[in-house]
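No value in this document is a laboratory result; all are computed from the given coordinates. Everything numeric here is computed off the predicted structure, so don't read it as measured data. Methodologically, a virtual Cβ is constructed for each residue, glycine included, from the backbone with ideal geometry; neighbour enumeration extends over all protein chains shown.
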Amino acid sequence: MSKLKWDNITADDLFNAILALKNLNEAKQFFRDLLTAPEIIEFSNRWWAAQMIDAKIPYVAIQKETGLSSRTIARIAKWLNQGKGGYKLMIKRLGSYFPEN
């Protein structure tokens, strides 16, 4: 079974569209047209979980707060620590929701 290649010209076009968004309202409009409400919630919860993992919040608390499975949380932790660096980049750029940690 071959793996799908996500890094391609079509994905580049999507990423360029995202980079062209000018504000939060434009982002909300674009992503709501692009994704279903449950997909936006899922992605939002993954981002929230990444921030909580970075802040050393226990997985059980993350699971309770986000509703994500322990397997998904573990995968997010792996990507946070061994992925492409995107989570770390954005956490550093935007700051933490958990400044006391």
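Okay, here's what the table says:
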read-out	value
Lysine pairs within the chain, Cα separation less than 26 Å, 8 or more sequence positions apart or different chains	24
Electrostatic dipole magnitude of the chain [Cβ: Lys, Arg +1; Asp, Glu -1; Cα centre; debye, to 20]	360
Pairwise label distance in nanometres, Ala17 with Met90, each label 7 Å out on the Cα-Cβ vector	1.7
For the chain, the longest site-free run once chymotrypsin sites (Phe, Trp or Tyr not before Pro) in DSSP loop states with at most 13 other Cβ atoms within 10 Å are removed	7-96
Length added when fully stretched, Phe98-Thr10, from 0.36 nm per residue minus Cα-Cα	28.1 nm
Percent of Cα-Cα distances greater than 14 Å, calculated over the stretch 35-101	56
Loop-located trypsin sites (Lys or Arg not before Pro) in the stretch 1-75, at most 11 other Cβ atoms within 10 Å (DSSP)	Lys3, Lys5, Lys22, Lys56
